[in-house]
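Asker: This is the structure I want to talk about, given as structure tokens.
Read the figures in this text as sums done on the coordinates, not as results from a lab. Fair warning: this is a prediction, and the values are worked out from it, not measured in the lab. Methodologically, a virtual Cβ is constructed for each residue, glycine included, from the backbone with ideal geometry; neighbour enumeration extends over all protein chains shown.
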Protein chains: 2
Amino acid sequence: MAIQYPNGKIYTPNKNSLKTIKKDYTFSNRGKTLEDELNDANEYYLLHEIAVIYKKPIPIQVVKVDYPSRSGAVIKEAYYRTPSTTDFNGVFKGKYIDFEAKETENKTAFPLKNVHLHQVEHMQKVSHQDGICFLLVRFSALDRYFYLPFEKLHFFWNRMLTGGRKSIALIEFEEHAIEIATRYSPRIDYLKIVDYLKD
Amino acid sequence: MAIQYPNGKIYTPNKNSLKTIKKDYTFSNRGKTLEDELNDANEYYLLHEIAVIYKKPIPIQVVKVDYPSRSGAVIKEAYYRTPSTTDFNGVFKGKYIDFEAKETENKTAFPLKNVHLHQVEHMQKVSHQDGICFLLVRFSALDRYFYLPFEKLHFFWNRMLTGGRKSIALIEFEEHAIEIATRYSPRIDYLKIVDYLKD
């Protein structure tokens, strides 16, 4: 299912959005990671009071800290920890939003090894609490973006666990996910889909 | 306003909660920080499928990483960054929950310098999105806990900005906040208050 969303809102520039436009216009979108693009979208949502959604910091275990001066601490030894949740969460129209974003260079399928068991478990708990939960996938080589609701991800995950294929085919995204048509600003307007699905 | 919550739920022990009880029973609550206590509460909520709420990782700017072996990366230089949001967020019955937790040794007032401007701004944005937003304060020397809804915090914050006192008096907490009566498990059952206020 591919839905083309019309740009329903009338655009009212203000000081902040003009700055955003200039940035987008100058640097286009080349070379941006999916995370960059989603941070751009979230910044846009924040400025326009549409939603409050942030990427969570990467969890780091700090072992050794030096205080070379009054001005601040320097961490000298630390380790990356495995996140126990998804990357992004926040609030949109009172509802809790929680999602994971992944990109693949693969042109025909999304390998499920990109998603971790603890993330699926977390999303399941969030779904039980009536949070809005989804996976956002970019097929980078194709410049195509899909919004896969958690229930669908869960189906494909269980298919893998019961001996089925270890990936989700592009053709399955075309059938079971919603394709996000890129826009001018924000480029990845994923909340349009959240808004559409919640009614 | 001080509300004593009866323990309304019938307690059904399971493997996980027995472990929790043992831990609480053995070590009591002495020496725990407020953050520890809230992590305990959130763990309880997660195990009992009441809510999915986590403390966010502390944001750290990584400058230098070594890869001494295949087993993993070692961060050799990094710096603490100022968080742009509050400490805790998550979902409870579909609603977005967002709060900051602070403790003070002061026996008569909570100094507002413990709260940062960017946190108040963040909470205001969350409130605009109909998220549930509050400040949780522990007067550690008194072993008393208060739930201050964001609207009240905002009032006291603005009082400070307009030249008023730079703290919230204990007596003001007693009047404008909800005191959390500690329980057996979880000790700080703050979601009882969220549940009470949202109806």
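Asker: Points 7 angstrom from Cα along the Cβ direction at residue A:128 and residue A:65: gap in nanometres?
Answerer: Simple spin-label model gives 3.5 nm for this pair.
Asker: Now, a different point. Between residue B:166 and residue A:162, how high is the FRET efficiency from 1/(1 + (r/R0)^6) when r is the Cβ-Cβ distance and R₀ = 56 Å? Nearest 0.05.
Answerer: E(calc), rounded to 0.05, equals 0.40.
Asker: Project the alpha carbons of segment A:39-78 onto their principal axes and report the range along each, largest first, in whole Å.
Answerer: Over segment A:39-78, Cα extents along the principal axes are 42, 22, 13 Å.
Asker: Short version: ³J(HN,Hα) in whole Hz for each residue of segment B:150-159, in order, from phi by Karplus 6.51 cos²θ - 1.76 cosθ + 1.60 (θ = phi - 60°), x for Gly and Pro, what are they?
Answerer: The phi angles translate into 4, 4, 6, 4, 4, 4, 5, 5, 5, 4 Hz.
Asker: Let me ask you something else. Determine which residues of segment A:56-73 fall in the zone a paramagnetic label at residue A:79 would reach in this model, i.e. backbone nitrogen under 20 Å from the point 7 Å along Cα→Cβ.
Answerer: A:58-66
Asker: Just to be sure I understand: of the beta bridges DSSP finds with both ends in segment A:38-172, what percent are antiparallel, rounded to 5? Walk me through the numbers before you get to the answer.
Answerer: Values: 25 of 33 bridges.
Around 75 percent antiparallel, to the nearest 5.
Asker: Over all directions, how big on average is the projection of the convex hull of the alpha-carbon atoms in segment A:95-155, in square nanometres? Please list the in-between numbers first.
Answerer: Numbers: hull surface 16.3 nm².
Projected over every direction and averaged, the Cα hull of segment A:95-155 covers 4.1 nm².
Asker: Right, here's the next one. Using a Cα-Cα cut-off of under 12 Å, which aspartates and glutamates could be cross-linked to residue B:107, ignoring same-chain neighbours fewer than 8 residues away?
Answerer: B:143
Asker: State which entries of A:95/B:192; A:198/B:95; A:192/B:56; A:95/A:125; B:32/B:192; B:93/B:125 exceed 24 angstrom in Cα-Cα distance in the structure shown.
Answerer: Flagged as over cut-off: A:192/B:56.
Asker: Please report, in debye to the nearest 20, how large the charge dipole of segment A:57-199 is about its Cα centre when each Lys and Arg carries +1 at its beta carbon and each Asp and Glu carries -1 there.
Answerer: 320 debye
Asker: May I pose another question? Run the quick spin-label model on residue A:43 and residue B:155: label points 7 Å from Cα toward the beta carbon, then report their separation in nm to one decimal.
Answerer: 3.8 nm
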